[in-house]
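Student: Pasting in a structure now, in structure tokens, and then I'll have a few things to ask.
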Amino acid sequence: MYILYAINRIRSLMFVYSLFVPPSTVKQPPTIVKQSLKDYIVDPRDNIIIECEAKGTPVPTFQWRRNGKFFNVGKDPRVTMRSRSGTLEIRSSGKPEDYEGEYQCFASNDFGTAISNKILLRVSKSPLWPKEVLEPVVVREGESLVLPCNPPPGLPPPETFWMDSSIMPIIQDKRVSMGLNGDLFFSNVLARDATTDYSCNARFEFTHTIQQKNPYTLKVQTTRNVPETQPTFLSPKGLSSSKIVLRGEQLLLECIAAGVPSPNIDWIKKGADLPSKKVKIENFNKTLRLLNVSEEDSGDYVCMASNKIGSIRHSVEVQVKAAPYWLDKPTNLVLAPDENGRLVCRARGNPKPTIQWLMNGEPIESSLPNPNRQVLGDTILFHSVQIGSSAVYQCNASNEHGYLLANAFVNILDMAPRMLGPKNQLIKVIENNRTFLDCPFFGSPFPQLFKNGLGSGLDGGQYKLYNNGTLEIKQARPEDQGTYTCVASNILGKMENQVRLEVKEPTRIVQAPEHVTQAKGTTVRFDCRVKHDPSLPATVTWLKDDNGRIRKDNETLTIYNVNPEDAGTYTCSARTEIDENSASARLTVTDRPDPPQDLELSDPSARSVRLTWVPGNENNSPVTHFLVQFEEDRWEPGKWQNLSIFNGNLNSVNLQLSPFVNYQFRVIAINAVGQSQPSLPSARYQTSGAPPDVVPSGLKGWGSKKNNMEITWQALKSTERNGLNLRYMVSWRRKDTEEEWNNTTTTRTKHIIHNTDTYVPYEIKIKAINDFGHSPESNIVIGYSGEDKPSTAPTELRVSKINSTKVNLNWVPVDPSTVNGEFKEYKLYYWREASLIKGLKVNKTKLHKGFFTTAEQPSGILTELFPYSKYKMYMVVANREYEGPQSNTVEFYTKEGEPGAPKYFRIQRHTGVVHLKWDKPLEPNGVLIGYTLQYHTGELILISDILAHEYIITKLKHFILYISFSPPSSVCVCVWLLTAYKEQEDIATQGWFIGLMCAVALLVLILLIVCFIKRSRGGKYAGKMQQIHSHINPGLFIYDISDEDNKPLQGSQTSLDGNVKESDDSLVDYGEGGDGQFNEDGSFIGQYTVKKDKEETEGNESSEATSPVNAIYSLA
């Protein structure tokens, strides 16, 4: 028994085949097992061996027929037949051609005769090329030409090719190519075609010899203008042709066209696309090769030759014929007495093949009549066969293109069936794979298979039972597991065997290693996760040469300090005893490129030179750029500087150079990993001197003092000097005058002009000079002499439209000539002199604001002022360096504005009582007229015109308290008060109370968060406080007030600053920047301060600050 594993990267298939060898005691008709080819070509220098091997019991005897007649081997001393074989050996002495002919072998024993194919023996021939004298071929330039080859006929035909007298191949292209017949075609001849000769060569395969034809000499008559011509076909001729090809062979079609310019060839198939998997377009599109031709490849194939002048088509009608091929080949038949059977011989071809039956090598019609046999065309039926009727039957299917011959014996045995395979075999297969369970047997009839000892025979659907007893399971599934019983029986006995099938999960690589491109010296890791059947141990193998830097875990391969020699393909192979799976990944190790080599200079000129180099190894990362650097030994010797960067696909560049520089160059290659080492320097290249090309840049003039002007510029680079003794000639004169230009020459980059008037414009220009001449002059730039203090002040500074936070300004501008420099701005200085509220201290820091305006009646707006305050201001005019004298000082008063928040707010609770206390705002922004208190106890309670700074709320039940104050810059405090107080019992320790409070707190917190998200804006206040912008009350502060204990309101408490205070109220300030705390008696005391809101320009809106924390105050 033979087991074949078919393995690919996805899964493996297991096929089980048996070679059934009947016992040596069983009689069997002959069977041909080896024979020579039908068309048998031999080398005349070797012995001729015609093979014919057969088996059978008893051992067959052999005889041969040659050209249809008995061939007496014993009479020819040069011919021998091998022992126990029909193979003939013919010695090579003499003339081998004497033995050419058609041979057929007959193998016979007591039970029949088997015959071989008819073997056509031919001797290989390699005739010499006929002698001929070839005259020179004369052709005009642009005309087409065909050089015929006409090789001598050989057996098999020789392979042809063209060479010149120097044994060099003729270069072929779209214009010049060899045809299928060996001729050399020129679509158009060029003058250069006459520079060589052309010789056709024939190589004979069997003799391994090459014969050369006398060469052609080509003479081309040149013309001044070669006319362009429309394509015409050189091969095949005309516009259509036909071709017959046999099924299974290859189709070769050719189109070669003449024309100027050389035509392009394209192929199409009428009514269908060319079959891309079978078609090859070769010989510069001139040849179409179609492999393994089948009937559907019939049709019209069109080649089109075109150039810019026109196009032409040729259509080839292809007909596919077929030599006979098998549909049902007759197979050996073993029968017991009185059994029935049949031989079937079906073949197809074009034309349809003729079927002929033979028995023991002779036409069946000439055999003795057999009442138990019936011939029905391609089928022979046997019924109630008897001992002694064994024979070998031959089926011959033939048409005009060939024939098929098959031997099939009918062996009548009087013996019980025999099982030949091992007993109780265990076969393991992979799920969903095609599986074959073999039942090797000898005898008749064919066995039947049963699963788990139940049911009828297995055939159909998922199962297919072959005539040899093999059971095919198309897709093995877990439910196919079990014991399969093979039963063979006839009238002489019964035999059976069992096979146990186990279906296993396939071995799969669920995470395959991935391709990696990694720089040298880094660490690489390949992962390979495997899933397999738990009952089958799996081993994971990594395929790659190992070394000390590679660590292989079961499913991981790690390579440290990657080197170039680690590059390659790494394969993870997972194997169990019945299948295997593998996955591969490619490691590409990249590195910096090697430095370029062999720098050469060529094409020298005054301002350029060509630099050529040989690129170094890219080290698996393409070179993207080449950086060319230079070093010169006159101005900055030893310093390498960047000259130019070029694309990575160049290795020869033209360098633009500067005069009077002694260059040497080097090249650096750059890829994605980094830069290579610099190449070795090139030879030096000295450019000649020249006047400067570049005008000094950065020219400007400005005054460092009120009576001078400094002229400065940037020095030329060393490669811009173009010669020795570089100096600069700078020229100047007053603008808008007809003065002569003043000039001076200097080697520095600055020149100072003294004794100038204040802030006078000058025209300035410059040029560079060396020993070879001067550069072009620069463009004229305008510079100014130094500035002085402005001599006058703005007048009539006054204010208007005063409100609480802004004021409008107006003034009379200064005469521009008195600015004594470049006008910068009018600068207003102002400060808060005092608050109109007695006793309120203010910050008197002087502030300023600039106004850039050149209007005849300038004005401005001063904003961000404090309300209800006294301000003073004055104005100056400023140039770039100085400020002028002060204007008149103006005093004004801002109006009242919205008050700030109370300075602090304090809360202390007792049973049923809340004591509220606050202080006036830090910035009242006007005269306070009272406070308004607002809170909720299920209904809105509003208390207005409170003049005091405290309030007591009594008789409280469960409620939420919102407290707000008027004026609008108010405070709102949200307090949750629980006043169900009992003398004997603290409900804060009760479970029901704690659960209720948690639920209520969560609901309130969610409500306040939603409110905050939709309405809040601004910054944060210290402590736990929030101001909410609401459509009901634009100023809402929420205080976080909580209680840990219910104690009497007496004793000492610790304040936020750590001091101990004695107070009946237990009030502790909640200051800005501090954290809220609980006091010893459980009360929470908060004090806050609120920063002043800033009004916008129009003074009708204020910004509001918020804190994102909501507070719950609980009391028991």
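Student: Would you mind checking K69/K243; K841/K895; K806/K844 for any pair whose Cα atoms are more than 26 angstrom apart? Walk me through the numbers before you get to the answer.
Tutor: Working: K69/K243 37 Å; K841/K895 18 Å; K806/K844 17 Å.
Pairs exceeding 26 Å: K69/K243.
Student: At 0.36 nm per residue, minus the direct Cα-Cα distance, what do V59 and K717 gain on full extension? Give it in nm, one decimal, please.
Tutor: 226.4 nm
Student: OK, next. Would you mind working out the magnitude of the charge dipole of segment 174-244 relative to its Cα centre, with +1 at each Lys and Arg C-beta and -1 at each Asp and Glu C-beta, to the nearest 20 Debye? Mind dumping the intermediate values first?
Tutor: Values: 9 positive and 5 negative charges, 25 e Å.
My answer is approximately 120 debye.
Student: Okay, moving on. For segment 567-640, what % of the accessible area comes from carbon and sulfur atoms, probe 1.4 Å?
Tutor: Numbers: 1420 of 3350 Å².
About 43 percent, which is the carbon plus sulfur part of the accessible surface.
Student: Could you name the lysines in cross-link range of K34, using Cα to Cα under 21 Å and dropping any fewer than eight places away on the same chain?
Tutor: K55, K118, K329
Student: Along the positive direction of the dipole of segment 115-171 (beta-carbon charges: Lys, Arg +1; Asp, Glu -1; about the Cα centre), which of L128, N117, L145 reaches farthest?
Tutor: The Cα lying farthest towards the positive end belongs to N117.
Student: Filter the cross-link list K705/K789; K801/K849; K277/K474 down to pairs whose alpha-carbon distance in this structure exceeds 20 Å. All intermediate terms of the calculation are to be shown ahead of the outcome.
Tutor: Working: K705/K789 11 Å; K801/K849 18 Å; K277/K474 28 Å.
As for pairs spanning more than 20 Å Cα to Cα, those are K277/K474.
Student: Ignoring ligands, DNA and RNA, what accessible area per residue does segment 610-732 give at 1.4 Å, in Å²? Present the calculation step by step, with values, prior to reporting the outcome.
Tutor: On the way: 5670 Å² over 123 residues.
It amounts to 46 Å² per residue over segment 610-732.
Student: I would also like to ask the following. Applying 1/(1 + (r/R0)^6) with R0 = 60 Å to the Cβ-Cβ distance of N888 and T954, what FRET efficiency is obtained, to the nearest 0.05?
Tutor: Details: r = 61 Å, r/R0 = 1.02.
With a Förster radius of 60 Å, E is 0.45.
Student: Give me the one-decimal nm value for the distance between modelled label points at T483 and S165, 7 Å along each residue's Cα-to-Cβ direction.
Tutor: 8.9 nm
Student: Tell me which lysines have Cα within less than 24 Å of K131's Cα, excluding those fewer than 8 residues away on the same chain?
Tutor: Answer for K131, where 24 Å is the Cα cut-off: K213, K219, listed by chain and number.
Student: Tell me, what % of the accessible area of segment 119-218 is carbon and sulfur with a 1.4 angstrom probe?
Tutor: Ligands and nucleic acids excluded, carbon and sulfur reach 57 percent.
Student: What is the sum of charges, Lys and Arg at +1 and Asp and Glu at -1, for the other residues whose Cβ falls under 15 Å from the Cβ of G648?
Tutor: -1
Student: For labels at K872 and D815 in the simple 7 Å Cα→Cβ model, what's the distance in nm?
Tutor: Result for the modelled spin labels: 3.1 nm.
Student: State to the nearest 20 debye the size of the charge dipole of segment 362-514 about its Cα centre, where the only charges are +1 on K and R beta carbons and -1 on D and E beta carbons.
Tutor: Details: 13 positive and 15 negative charges, 116 e Å.
Approximately 560 debye in magnitude.
Student: Accessible area per residue for segment 281-336 in Å², computed with a 1.4 Å probe and the full protein assembly in place, what is it?
Tutor: Roughly 44 Å² per residue, with all protein chains present.
Student: Can you tell me the FRET efficiency between F70 and S389 if r is taken as the Cβ-Cβ distance and R0 is 25 Å, rounded to the nearest 0.05? Could you put the intermediate results ahead of the total?
Tutor: Numbers: r = 27 Å, r/R0 = 1.08.
With R0 = 25 Å, the Cβ-Cβ based efficiency is 0.40.
Student: Could you pull out every one of the lysines with an alpha carbon less than 26 Å from that of K520, ignoring same-chain neighbours closer than 8 positions?
Tutor: Output for K520: K544, K552.
Student: Sketch the reach of a paramagnetic label on N561 as a point 7 Å from Cα along Cα-to-Cβ, and name the residues of segment 582-612 whose backbone nitrogen lies under 18 Å away.
Tutor: 589-592
Student: What is the percent carbon and sulfur in the accessible area of segment 471-527, measuring with a 1.4 Å probe over the protein chains and ignoring ligands? Let's see the in-between values first.
Tutor: Numbers: 1240 of 2950 Å².
Whole-percent figure for carbon plus sulfur exposure: 42.
Student: Okay, next question. Return the FRET efficiency for the residue pair K270, S294: r is the Cβ-Cβ distance, R0 is 22 Å, and the value is rounded to the nearest 0.05. Display every interim value, and only then the final one.
Tutor: Values: r = 18 Å, r/R0 = 0.80.
The value I calculate is 0.80.
Student: Find the centroid of the Cα atoms in segment 772-807 and in segment 824-885, then give the distance between the two in whole Å.
Tutor: 20 Å
Student: Let me ask something additional. Under a 1.4 Å probe, what is the accessible area of segment 756-873 per residue, stated in Å²? Provide the component values of the computation, followed by the final result.
Tutor: Numbers: 6060 Å² over 118 residues.
Accessible area per residue: 51 Å².
Student: Distance cut-off 30 Å, Cα to Cα: go down the list K38/K95; K464/K494; K237/K270; K27/K428 and report the pairs above it.
Tutor: Values: K38/K95 22 Å; K464/K494 23 Å; K237/K270 20 Å; K27/K428 36 Å.
Check vs 30 Å cut-off fails for K27/K428.
Student: A further question follows. Using a basic spin-label model with each label point 7 Å from the Cα along Cα→Cβ, how many nm lie between V1004 and D598?
Tutor: About 9.1 nm, to one decimal.
Student: Here's a follow-up. Calculate the dipole size of segment 317-441 relative to its Cα centre from +1 charges on Lys and Arg beta carbons and -1 charges on Asp and Glu beta carbons; express the result in debye to the nearest 20. Don't skip to the end; give the middle numbers.
Tutor: Working: 11 positive and 11 negative charges, 74 e Å.
That gives a dipole near 360 debye.
Student: Here's something else I'd like to know. Which peptide among 131-140, 516-525 comes first, and what is the full order, when sorted by highest mean count of other Cβ atoms within 10 Å?
Tutor: Values: 131-140: 10.7, 516-525: 15.4.
My ranking of the peptides, most packed first, is 516-525, 131-140.
Student: Stretch Y325-R418 to full length: gain in nm at 0.36 nm per residue minus the Cα-Cα span? Walk me through the numbers before you get to the answer.
Tutor: Numbers: separation 93, 0.36 × 93 = 33.48 nm, distance 3.43 nm.
Using 0.36 nm per residue and subtracting the Cα-Cα distance, I get 30.0 nm.
Student: Another question, if that's okay. Would you mind putting 106-119, 170-183 in packing order, based on average other-beta-carbon counts within 10 Å, highest first?
Tutor: 106-119, 170-183
The values are calculated or read from the model by the stated rules, or taken from the named source; none is laboratory data. Only a predicted model underlies this, so the values are computations on that prediction, with no experimental measurement involved. Note that each Cβ is placed from the backbone with ideal geometry, even for glycine, and that neighbours are counted across all protein chains shown. The area values use the complete protein model at the heavy-atom level, side chains included, leaving out ligands, DNA and RNA. Shrake-Rupley method; radii C 1.70, N 1.55, O 1.52, S 1.80 Å.
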